[in-house]
Amino acid sequence: MLTRRQFSKLLAGTPLLASSAFSSAASAPPGPPAQDMGAALSQSRDLLIKGGTVIDPSQNLHALLDVAVKDGKILQVAPDIPADGSRSVIFAKGKLVTPGLIDVHVHIFEGVGPTGVNADQYCLGRGVTTAVDAGSAGYFSIAGFRQYVIKPSATRVYAMVDTGARGTLMGLAGNYSNLDWVNPQLTARAAEANKPDVVAIKARLSKEITGANDLEVLKRALEAARISNLPLMVHVGDSYSPLPEILRQLRKGDVLTHCFTGRPNGPLDANGKILPEMLDCRERGVLFDVGDGGPHLSLEVAEKCLQQNFLPDTIGTDLGGLSYNGPVYDLVTELSKFLVIGMSVDQVIERVTLKPTRMFNFGMELGTLRPGTVADISILEVREGSFVFGDSTGKKRMGRQKLQSVEAIRAGKTYINRSDDV
């Protein structure tokens, strides 16, 4: 068992180490949940997390509870589980214990294009057990992404296929300028061939990417999503066409990312009110993701939306090569920004645990600590002090609290961040 001092030393050490056995544990079918507390206590436990504040929106839990793990699955969540019979014990007093955090918007095609970062260093190493790459690969490179990122990563990784053939391979500017490379049939075929790892189609509709073709790109992306029976994530902000024209075409289950952009054609009208089309989208089941990424989050816009009771469905980071050194840094820093502008700890945890499972079909039950489900767990610390948070406008906000990842358990295996902390 690591002491806090030993853990702090590890933070400055070598890259994250992954267990060679995690693949078989992750692929095993979920076993039946423990029937009762007596049955759970009669079994040996591989891991016991004691004394933390468990926050699990999927079960409406927010209480001091222990979490027991066996064979890569959650065995029991209950108060005062004895440490006897546990191979390993993590003492989490004063910390938050949550389902493994899910970041629905990252770019982790490391070494390919300017946006990719290492998944294990910047996701699992910072508390994120499941990450969804948001279209770094197009139809000709998604198989490579699956082979060289999804399969070897200790982080549980899923992907979207970009509707442009190149994805982000050569950067973003002008990627859809040649519509011959925006082929809905080939995109859908690639998505189908790489399921279940592929969970969505992605389209980027900023005018520096589409030129005047944004509505045609959207049409083709929707066609690819229809053929492959997947949701579409649409990137907006400074689009060529007004945002309402884009919003009117989105379907139930589609996702609008960069929903709090401060760029032209954002979610607010000239008087700071939410566009009626945004409200209409929410009413018919369109989902909204933050997708900061550096250029795509105005905390002022977000705060105005929150004041009008328009909260995001998910808080994806859009973490990548252009934002991991700021202003995004990592998912827990992104969550901290939303604490500053008025969301509660329970609300932000819900948007990176339960809510992502309603956005994408992961093919397994994630985002919960329910007994019998895979043991993906994040242990977080709430730091008190004075913290500065930035956004795409360059404006700064001061916060009194900052979330920090302590440890992550992925399929029952414990991982510690050995990269430099932020």
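So if I place +1 on the C-beta of Lys and Arg and -1 on the C-beta of Asp and Glu, and nothing else carries charge, what would the dipole magnitude of the range 310-397 be about its Cα centre? I want it in debye, nearest 20.
240
Between residue 393 and residue 80, residue separation times 0.36 nm minus the direct Cα-Cα distance comes to 107.9 nm.
With both labels modelled 7 Å from their Cα along Cα-to-Cβ, the residue 62 to residue 215 distance reads 4.5 nm.
Sorting the segments 53-59, 254-260, 65-71, 269-275 by their residues' average number of neighbouring beta-carbon atoms within 10 angstrom, most packed first, yields 254-260, 65-71, 53-59, 269-275. When peptides 354-366, 220-232, 287-299 are ranked by their average number of other Cβ atoms within 10 Å per residue, the highest-first order is 287-299, 220-232, 354-366. Judged by the mean number of other Cβ atoms found within 10 Å, the most tightly packed of the peptides 384-392, 326-334, 243-251 leads the ranking 326-334, 243-251, 384-392. Are there any trypsin sites (Lys or Arg not before Pro) in the range 81-147 that are in a DSSP loop and have at most 13 other Cβ atoms within 10 Å? List them by number. Filter output for the range 81-147: 87, 93. The Cα center of the range 317-349 and the Cα center of the range 74-144 differ in position by 15 Å. Need one word for the range 121-204: rounded, prolate or oblate. Basis is the Cα gyration tensor (sqrt eigenvalues a ≥ b ≥ c); a/c below 1.5 gives rounded, then a/b vs b/c decides. Prolate shape, in that a/c is at least 1.5 and a/b is the bigger ratio.
Hey, with R₀ at 25 Å, roughly what FRET efficiency would residue 173 and residue 325 work out to, going by the Cβ-Cβ distance, to 0.05?
Working: r = 21 Å, r/R0 = 0.84.
Rounded to the nearest 0.05, the efficiency is 0.75.
Spin-label pair residue 229-residue 365: with each label point 7 Å from Cα along the Cα-Cβ axis, the two points sit 2.3 nm from one another. For residue 304, the lysines whose Cα comes closer than 29 Å to its Cα, not counting residues fewer than 8 places off in the same chain, are 202, 207, 252, 273, 337, 355, 395, 396, 402. Computed about the Cα centre, the dipole magnitude for the range 83-164 is approximately 300 debye when only Lys and Arg (+1) and Asp and Glu (-1) carry charge, each at its Cβ. Phi-derived couplings, Karplus 6.51 cos²θ - 1.76 cosθ + 1.60 at θ = phi - 60°, listed residue by residue for the range 381-395: 10, 9, 8, 9, x, 10, 10, 9, 10, x, 9, 5, 7, x, 7 Hz, with x used for Gly and Pro.
Only one residue of 276, 291, 257 has its Cα farthest out toward the positive end of the dipole of the range 229-299, where Lys and Arg carry +1 and Asp and Glu -1 on Cβ, and that residue is 276. Of the DSSP H helices in the chain, those that are both long (alpha-carbon extent of 20 Å or more along the helix axis) and hydrophobic (Kyte-Doolittle mean at least -0.5) are 214-228.
Gain on full extension, evaluated as 0.36 nm per residue between residue 283 and residue 143 minus their Cα-Cα distance, stands at 46.8 nm.
From the Cα gyration tensor of the range 56-204, with a ≥ b ≥ c the square roots of its eigenvalues, which class applies: rounded if a/c is under 1.5, or else prolate if a/b is larger than b/c, or else oblate?
prolate
Per residue of the chain, the DSSP helices (runs of n ≥ 4 H) give a summed -39500 (n - 2.57) that works out to -6000 deg cm²/dmol at 222 nm.
Using a/c under 1.5 as the rounded threshold, could you call the range 265-314 rounded, prolate or oblate? The axes a ≥ b ≥ c are square roots of the C-alpha gyration tensor eigenvalues, and prolate needs a/b larger than b/c, oblate otherwise.
Values: a/c = 1.65, a/b = 1.15, b/c = 1.44.
Since a/c reaches 1.5 but b/c is at least a/b, the shape of the range 265-314 is classed as oblate.
Computed from the coordinates by the stated procedures, all read-outs in this text should not be read as laboratory data. In this text the structure is predicted, and so the values were computed from the model without any measurement. For neighbour counting, all protein chains shown are included, and Cβ atoms are generated from backbone atoms with ideal geometry for every residue, glycine included.
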